[in-house]
Amino acid sequence: MNIALNDATAVALAVGLAFIAGCAVYYGRQITSRRIPMQWGTDGQPTWFAPRLIGLWFSFGVTAALSAFLLVLALHDPQKLTALIVATVSVIGTNMWVQVYHLKRVIRWQSEAPAN
């Protein structure tokens, strides 16, 4: 059973990272600003910016790092394997949604901003 869960987790991780990378490439073509917003304030305006490359690939890096950390924990504590796999899949799914939301919002911001 644990082997099947690990295989399913590896597939989820691969699919999730491929999706996030695909979003970075697809939406990245539409983002021309050298610096893009990374966080939004309560007023809907950006609170800080990052270089374009970091802004596009940050979610990929966070997803890969957190997933690797959770999978290493699962190897060291097999009794918690199921919980750690659920956590890993949750991180992947959440970051997939965050990537799409963030990049679409950056594109909208870019189209509304007078000059970036």
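Read-outs: derived from the displayed coordinates by stated rules, not from any lab. Quantities reported herein were computed from a predicted structural model and do not represent experimental measurements. As a convention, Cβ positions derive from the backbone with ideal geometry for all residues, glycine included, and neighbour counts pool all protein chains shown.
Worth a mention:
- Dipole magnitude of region 2-112 about its Cα centre (Cβ charges: Lys, Arg +1; Asp, Glu -1), debye to nearest 20: 440 debye
- Cα-only Debye scattering, region 2-112: base-10 log of I(q)/I(0) at q = 0.14, 0.20 Å⁻¹: -0.60, -0.95
- Positive dipole terminus of the chain, leading residue within GLY41, SER111, THR82 (C-beta point charges): SER111
- With at most 16 neighbouring Cβ atoms within 10 Å, loop trypsin sites (Lys or Arg not before Pro) (DSSP) excluded, longest segment of the chain: 35-116
- A helix-only calculation puts the chain at -26000 deg cm²/dmol for mean residue ellipticity at 222 nm, using -39500 (n - 2.57) for each DSSP H run of at least four residues, averaged over all residues.
- For a modelled paramagnetic label at ALA10, 7 Å from Cα along Cα-to-Cβ, the residues of region 29-72 in reach, with backbone nitrogen under 18 Å, are 64-65, 67-72.
- The Rg/Rh ratio of region 59-108, with both radii computed over alpha carbons and Rh defined as the Kirkwood radius, is 1.14.
- Relative contact order, percent, the chain [alpha-carbon distance under 8 Å, six or more residues apart]: 35 percent
- Seen against the Cα atoms of the chain and their longest principal axis, helix 2-28 is set at about 10 degrees.
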